[in-house]
Each structure stands twice: as structure tokens, then as C-alpha cells.
Amino acid sequence: MSFQLFGLSVSGGVAIGRAMLVSSSMIDVVHYFVPEDAVEHEVSRLLRSRDVVAEELSTLQSELPVDSPAELSALLDVHLMLLNDAALTESASTWIKDRQYNAEWALSAQLEILVRQFDEMEDEYLRERRSDVEQVVERMLGVLTRGGTTDRGAGVLPDDTGLGHDPLILIANDIAPADMLQFKRAFFAGFVTDVGGKTSHTAIVARSLAIPAVVGAREASRVIRQDDLLVVDGDAGLVVVNPSELMLEEYRFRQRTSDLERQRLARLRNTPAVTINGETIELMANIEMPVDASAAIEVGASGIGLFRSEFLFMNRAGELPGEDEQFEAYRSVVMAMDGQPVIIRTVDVGADKPLERMSASELRHEHSLNPALGLRAIRWSLAEPAMFRQQIRAILRASVFGKVKMLIPMVSRMDEVRQSLDAIGRAKQQLTDAGKAFRAVELGAMVEVPAAVLVLPSLLKHFSFVSLGTNDLIQYALAIDRGDEAVAHLYDPWHPAVLKLISEVIRQARASGKDVSVCGEMAGDTQFTDVLLGMGLRVFSMHPSRIPAVKQAVLRADTRRLEPWVSAALRSGDPWEACESLRVKALGLA
Ligand code: PEP
Ligand code: MG
């Protein structure tokens, strides 16, 4: 049956492929295709894992103390029964034979199907067996991994499209931002989640994969079935499940058109970003991991405008990267950028970026207080002074290899500024004492809280540049959780209060001779290019994949015409009306 689901578009384009449902607990499972001649071997790996678990469970049962509760033995019986049920191993074998999935992938794919069947059961007792089947599969996965038989070398990652497999579209309830990172290898053709807002960090990382994506599609992971044929329309925020042949044809046509458009834009790589009236605009890249620097270079970015260093700290099972490891990571980016500036932001953990593996919805569930207003960004660093100094030392040391700048996230108070300067001073002293080299590093503040806008003159005295984090600025100015799809329709960059805050920061920074950039998602959204240029912005930082389209908008812009247009609108007596007219013009709706 064909049907459609609506969500929020986070990354444009069209993807056509097969649904691959993944629960967040199974994201770690290795996925690869086994070669045809290794299919039999893979099936025997799977069967062997079943036999080993069966043996373990039988041993457990036989060794149960005589006085143990009868339920325990009954539970083991249930597990043994589930283990030997054809719906598990035999069906998983079919995934291996038909789709050439590796055993772990086949098992987790089958688990998704079983879990739904259990969820839909009327009988509460049977419904609760869902966790039993999950435990049995966990045990089998444990055996597969323990056996060391996971030989990815023999397999082919699903990004190898030469195999004739349908592309895969990831469907999940929610994915933690750090987990998204492992999909950086173009593993999937598209992805869809039930929850999340347009500027949630999961969406941001997804956007950096440059694959069509829809978040906040609410019921998607419940109503889409494993292996359903899907169209993800990332422009409209639409998912078509089991499309008709006619619809597929139309979307294939759109896919070809957008591929051609991408190729056309890619030719702008070496074209300088200069407006019609000759103003040079810096188009810098936002990155999450050192490997992303290559994408920045590929599109001709003029530097790294935001290195979200916190991604180095996430999913480390409590073991945070030490000074040397951080230094190597920063240095590799600085060297790769070969003299172009690299702005490293000190860690911005907290809110929807917890250190430990946790998706945004789990986070909200676990910490009932509002994490976006809690111990995050600079507040967290100041609460961990040794760790903060360690990161500062690593950044300073990397400065020897190129042009490094340091950026402090979410500054809102002067004592945060003083403490940060103090930490930097102490870190420098420690390096000097240890005889380690470093150079002068410019210091910048992220303006992400409305309070920082109101005290900007004081902040500007201490920083040589500011970077507007519009994702958070919108969240805090409008009191809209950026990760919550329930209020996503109220998350409005066109709100006059937001536009006024942004233009005020740009105006004041420029008036005091300080550099100012926007590194929030607005910088990469061509709807806003003219408006931001008209406000006087000359430095934009965005995902590398957005640079070509923004460059095209810059090449067509004339700042002499845009500046009076935007400032007249912002000064007008009716800001709502004025911002609405900016929106209508920017979107070409007039
Ligand atoms: C922002 O808030 O706009 C920003 C760039 O930082 P992050 O998205 O990482 O919070
Ligand atoms: Mg931010």
C-alpha cells in the first residue's frame, strides 16, 4: 500500500531506496555486504551463533540452584524457544541469502520486524516478550562479535553502489548526534527519523552527509516496514512509502535534474566568491571531525569557520581524549587547510550533545530538567577547569602549524570571559614551563544568547572576533527547543526579533573593527544569503556541501542594492510587516 509521511526537511534532494530500520541500540552493529561466494559461510556463522547461545542457555538452566524461582527456568525456556523459532534464524538467513547482508546486519534487520510484531500484540504478556527477543538477539550478536569472525575485509560496505543493490534509507526513531557520525561514509542514500527539529545536532550532522533527509516524521519508524521501497523528498520534507510506478518515474527525473544541478554548482569550486559590485565574501566550512576537512577543501572553502570539537569527546565511554590526542586532531586539520584559518571551538557538550551515547529523546527522558538551559558549552568547560586547560593547550600547540583561532561557545557573562582568559593565560604558562611551542591565537566569542547581544560592547573589548550561532540564538530568543519537532513550526529565523538581533551584532562588530561571521545553519541557507549580505555580513561558515549554492547566490548579489533594502526594512515602523516583505522577496514569492 502506498502512503506518504510528512516531516521537516533537513537536507534537500531525492533518495529512492529500501527502508532499513535501525533501533538506536543496534546502531553499533556492523553492516556490510558479503560476496556471493561467502553467503553460505555467513549463514553458517549465523547458525553457529544460535547453537552457541542455545548451549549457553541450556548450561545456565542446568546450573540453576535448586531453590531458584521457577520463573527463572521458565524464562530461559522462553529464550530457548525464541532462539529456535524459524521467525528468527531462518528469516535472518533469508536476508543473508537474498540481500547478501552480513550475519549481524541480517539479525538486527529481522529483530526490527519481530519487535514490531510483538508491539502490535493485544495480549500484554505476549507484548512483553519483545524484550526477551531483544535479549536473545543481543546474545547472538555477542557471540558473533566475540568469535572474532566479523571479517569486514571480505565484505563490501553498502556505499559501494557497483553491486547492484538498491540504495538503503535509514529509518530510526531517533539517532544521537555522535551516532550520526558513523554514517559519514555515505553509508545510506537518505534517512528519516521520527523526532528532531531542523537545527537539532542530529539534523546538522545529517546535513553534513549531504544526503536527502527528513526528521520529525513522527510515526515513520512504526509504520514503515523493513525493506519497503521509499522515496525521500528532502526538499519537501516528504517520505513516500511504496510509491506508484508513475510517482517513481517523476522522482527519478527530479533526481537526475538535481544531480545535474550539483555538478553544475561544483564547477564554481575555483571561482572566487565575489559579489557583482566586487566585495569578496569568505565562505568557510563547519566541520565535526578532522576527516571532514577534505570535504571543505574539495568545495574550495576559505577556511574552517567552526570546528565543533565536542564530537571528539563524544561516545568515549568516559575516557576523554587527552592533550596529545586532541593536539593531533587539531594539527591534522590545520595542516590540511594549509595556511587557511581554522577556528576551533572549545567543547560545546550538554543539551542535545551529551558525552555518553544518548539520543535527544532519551536525554529529555532521563534528565527531566531542561538540558538546553543547563551545564553546557563554556559553563561545562569552566566547571571542568583541568579539562578546559588541557584543550586550550592542545589548540595552542596546533597553532604552530598554521593559522588557528579559538572560539568560546555560548558566552553570556563577563565572569565567563574573565575565567576563560584566565584559563588561557594559565595554559600558556604551562606550555612555556614545559618548553612547548605555541603562537598567538585570536580569541572569539560565539553570540548565541540574547543577553550576549545586549552586552556586546563589553564582550567586544575582550575578543578579536565574534561568530553568530544562530541555531541557538533563535532557540533562546524565541524560547523554542531547537530539537523538538512539536514546536518546530515556531522555530522561525524570519522572526523580526531574530533578524534584529543578528543585524545588531553585525553592525556593532563592524563598527568596532572586529570580524563577525554567522556559523549557524542560516549561513548555509540561500534564503538568507541576500538578507545577511544586506546586513553587512562578509563571513559565512556552513557545511561544505552548502558552499557551492551559497557561492552562486553571492555571485548574483549586489551589496550596494541589498544594504539599503535590508536596513530600510529593519528600521520600518512595523517590523513584522518589514520582515515579512524581506521573506517574500528572498523567497521570490512576490
Ligand atoms: C549555533 O548555535 O548556531 C551553532 C553554530 O552551534 P551549534 O549548532 O553547534 O550549537
Ligand atoms: Mg550553538
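The values are calculated or read from the model by the stated rules, or taken from the named source; none is laboratory data. The structure presented is a predicted model; accordingly, all values stated were derived computationally and were not measured. Cβ sites come from the backbone with ideal geometry, for glycine too, and all protein chains shown count toward neighbours. Keep in mind that these areas ignore ligands, DNA and RNA; they rest on the heavy atoms of the full protein, side chains included. Shrake-Rupley method; radii C 1.70, N 1.55, O 1.52, S 1.80 Å.
Tabulate in residue order the Karplus-calculated ³J(HN,Hα) for the stretch 416-428, using 6.51 cos²θ - 1.76 cosθ + 1.60 with θ = phi - 60°, rounded to whole Hz; enter x for Gly and Pro.
Here the 3J(HN,Hα) series is 5, 5, 4, 5, 5, 4, 5, 4, 5, x, 5, 4, 4 Hz.
Sort 339-352, 567-580 by the packing proxy (mean of other Cβ within 10 Å over each peptide's residues), most packed first.
Averaged packing, sorted descending, gives the order 339-352, 567-580.
Hey, can you rank 449-456, 73-80, 255-262 by average C-beta count inside 10 Å, highest first?
Put in order of decreasing packing, that is 449-456, 73-80, 255-262.
Within the set Lys403/Lys428; Lys353/Lys403; Lys436/Lys514, which residue pairs have Cα atoms separated by over 20 Å?
Lys353/Lys403; Lys436/Lys514
Skip the ligands, DNA and RNA, and give the accessible area per residue of the chain with a 1.4 Å probe, whole Å².
Accessible surface, normalised per residue, equals 43 Å².
Return the sequence-ordered ³J(HN,Hα) values of the stretch 498-515 in whole Hz as given by the Karplus equation 6.51 cos²θ - 1.76 cosθ + 1.60 applied to θ = phi - 60°, using x for Gly and Pro.
Karplus values, whole Hz, x for Gly and Pro: 5, 4, 5, 4, 5, 5, 5, 5, 4, 4, 5, 4, 5, 4, 9, x, 9, 5.
At 1.4 Å probe size, what's the solvent-accessible area of Met81? Round to the nearest 10 Å².
120 Å²
Where does each of 477-490, 317-330 land if you order them by average Cβ count within 10 Å, highest first? Display every interim value, and only then the final one.
Values: 477-490: 18.4, 317-330: 15.4.
Highest-to-lowest ranking by the protection proxy: 477-490, 317-330.
Any idea of Lys198's accessible area? Nearest 10 Å², probe 1.4 Å.
Rounded to the nearest 10, the figure is 100 Å².
Short version: ³J(HN,Hα) in whole Hz for each residue of the stretch 528-540, in order, from phi by Karplus 6.51 cos²θ - 1.76 cosθ + 1.60 (θ = phi - 60°), x for Gly and Pro, what are they?
Once θ is set to phi - 60°, the couplings for the stretch 528-540 become 9, 4, 4, 5, 5, 4, x, 7, x, 6, 10, 10, 10 Hz.
Which sequence of Ile211, Ile392 reflects their accessible areas, 1.4 Å probe, from the largest down?
Working: Ile211 25, Ile392 0 Å².
So the residues, ranked largest to smallest area, are Ile211, Ile392.
What do you reckon, how do Lys514, Lys500 stack up by accessible area (1.4 Å probe), largest on top?
Lys500, Lys514
Could you tell me the accessible area of Thr432 in Å² (1.4 Å probe, neighbours in place), rounded to the nearest ten?
Around 80 Å² of this residue is reachable by solvent.
Under the rule of at least 5 residues apart or a separate chain, name every residue whose amide H is placed under 5 Å from the amide H of Leu407.
Here the answer is Ile344, Arg345, Thr346, Gly444, since their amide H atoms fall under 5 Å of that of Leu407.
Would you list Ser294, Ser399 from the most to the least accessible area, probe 1.4 Å?
Ser294, Ser399
Probe radius 1.4 Å, ligands and nucleic acids ignored: give me the carbon and sulfur share of the accessible area of the chain as a rounded percent.
Carbon and sulfur together cover 53 percent of it.
Suppose only helical runs count, i.e. DSSP H with n ≥ 4. What mean residue ellipticity at 222 nm does that imply for the chain under -39500 (n - 2.57) per run, divided by all residues and rounded to the nearest 500 deg cm²/dmol?
It comes out at -14000 deg cm²/dmol, rounded to the nearest 500.
Share of antiparallel DSSP beta bridges in the chain, in percent to the nearest 5?
Once the DSSP bridges in the chain are tallied, antiparallel ones form about 35 percent.
Would you mind getting me the FRET efficiency between Glu580 and Gln527? Use the beta-carbon distance for r and R0 = 22 Å, nearest 0.05.
Efficiency computed from Cβ-Cβ geometry: 0.95.
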